[in-house]
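Nothing in this text is a laboratory measurement; each read-out follows from the coordinates by a stated rule. Every value quoted in this text rests on a predicted model; they were computed, and no experiment measured them. When we count neighbours, we look across all protein chains shown, and the Cβ atoms used for this are built from the backbone with ideal geometry, even at glycine.
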Amino acid sequence: MSSEAITTLDLSTSGMKHIASGKVREIYEVDQSTLLFVATDRISAYDVILNNGIPGKGALLTQLSAHWFDLIRSRIPNLKIHLISTSLPSTVPDDLKDKLADQTMQVRRYPILPIESIVRGYITGSAWSEYKKSGTVNGMTMPSGLKESQKLETAIWTPSTKAEAGQHDENISKERAGEIIGADVARKVEEVSLQLYEMARDYAAERGILIADTKFEFGFDPDTKGLVLVDEVLTPDSSRFWPADQYQVGKSQSSYDKQFLRDWLTSTGNKGKEGVSMPENIVQATSSKYAEAYEKLTGKKWT
Ligand code: ATP
Ligand code: MG
């Protein structure tokens, strides 16, 4: 991976309007119908962004997302996707083109459905917390006796609200999702999300990675009145990846990509603190895990 992490950006010389900053990505407007997503090398853990980044992470996640989009195009050809290309618009100066090569996506801009479409194949995280308290997940009664991290009989759709920046998303029932986006649209989102997850889960499992859960977002195409798959897909930032060879039911699982970082933050008393810098060995170890995930999932060498 390249040696310097890109954590901040100045694209003012490109003439593009800056639209928004996420924890990890910066969004620019290319023209009325096109957005540019730049995945930076920033990394967050326990909801806090670290001071320094992971060199190459933005490129890796962009290329991984692009790999999944290709796979989705071939395996679920009826589903429309927002990705136009992973190259930069011609108006961008060459120095920026070189600097940001591989970590940008131009996408078609759509109105976004105001829910997060989460699919879970294993019970963990907020679903496990709710189940322990009430035996339900997003209000749905689940079989009794499930253990932490257990694989569910069938994957379930557990939508959440899409909170404003800084706020937390809230899990909601399918009925509530239906009230927000319309019952017919909600049913379609559920069906497509489950189809996507099951395809990805099986593909990744054959390559040594368990996708415990994942989040999709959908746009709405006003012309066709159909759904469009948007945002990043099936990356470790939008999903929980677990190493298959370490999977053990009845306990929390280590994260494929962020475990070194989380363990280090916890053991040094830095968990949840702002302005923390990772030491070089944690950057290196984390970087290798990202590369490993990319290589397993794509079958290509990460350089
Ligand atoms: P976080 O960093 O926690 O994810 P965030 O969601 O605000 O916060 P980003 O994920 O970087 O930050 O923001 C991406 C935004 O772009 C999301 O609001 C997403 O819904 C939106 N988006 C994704 N694809 C498209 C698209 N094709 N057209 C319009 N908006 C899109
Ligand atoms: Mg987001």
* So what's the gap between the Cα centers of segment 238-287 and segment 143-159, to the nearest angstrom? -> 24
* Going by average Cβ neighbours within 10 Å, how do the peptides 71-80, 280-289, 160-169 rank, with the highest at the top? -> 280-289, 71-80, 160-169
* Can you work out ³J(HN,Hα) from phi for every residue in segment 160-173, in order, using Karplus 6.51 cos²θ - 1.76 cosθ + 1.60 and θ = phi - 60°, giving whole Hz and x for Gly and Pro? -> 9, 6, 10, 6, 4, 3, x, 8, 9, 5, 10, 5, 9, 6
* Any idea which of GLY139, SER149, THR235 is furthest toward the positive side of the dipole for segment 115-266, if Lys and Arg beta-carbons carry +1 and Asp and Glu beta-carbons -1? -> SER149
* Would you calculate the separation in nanometres between label points at ALA183 and SER3, each defined as 7 Å from the Cα along the Cα-to-beta-carbon direction? => 6.2
* So which trypsin sites (Lys or Arg not before Pro) in segment 81-149 end up in coil per DSSP with only 13 or fewer other C-beta atoms within 10 Å? -> LYS147
* What residue among THR86, ILE19, ILE123 has its Cα farthest toward the positive end of the dipole of the chain, where the charges are +1 on Lys, Arg and -1 on Asp, Glu, each on the Cβ? -> ILE123
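Restricting to bridges with both residues inside the chain, how much of the DSSP beta-bridge set is antiparallel, in percent to the nearest 5? Don't skip to the end; give the middle numbers.
Values: 42 of 44 bridges.
Roughly 95 percent of the beta bridges in the chain run antiparallel, per DSSP.
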* Can you give the extra length, in nm with one decimal, that the chain gains between VAL249 and ASP102 once fully stretched, where that is 0.36 nm per residue apart less the Cα-Cα distance? -> 49.2 nm
* Any aspartates and glutamates with Cα under 17 Å of the LYS147 Cα? List them, leaving off those in the same chain fewer than 8 positions away. => GLU130, ASP213
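Counting other Cβ atoms within 10 Å, keep those with at most 13, restrict to DSSP loop, and tell me which GluC sites (Glu not before Pro) in segment 199-277 are left.
Working: sites: GLU206, GLU217, GLU232, GLU274; in loops: GLU206, GLU232, GLU274.
Counting only loop positions with at most 13 other Cβ atoms within 10 Å, the GluC sites (Glu not before Pro) in segment 199-277 are GLU206, GLU274.
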* Structure fact -> Residues whose built amide H sits under 5 Å from the amide H of ILE19, excluding neighbours closer than 5 in sequence, are ILE27, TYR28, GLU29
* To do: Could you name the lysines whose alpha carbon sits less than 20 Å from that of LYS80, not counting residues in the same chain fewer than 8 places away?
  => LYS188, LYS215, LYS225
* Asked: Using a cut-off of 24 Å between alpha-carbon atoms, which lysines can reach LYS99, once sequence neighbours fewer than 8 places away in the same chain are excluded?
  -> LYS17, LYS23, LYS57, LYS289, LYS300, LYS301
* Extreme residue, positive dipole direction of segment 115-266, given options ALA177, ILE209, GLY219 (C-beta unit charges) -> ILE209
* Quote to one decimal, in nm, the extra length available between HIS18 and ASN78 on full extension: 0.36 nm per residue of separation minus the C-alpha distance between them. => 18.4 nm
* Asked: Among the chymotrypsin sites (Phe, Trp or Tyr not before Pro) within segment 22-58, which fall in a DSSP loop and have no more than 10 other Cβ atoms within 10 Å of their own Cβ?
  -> none
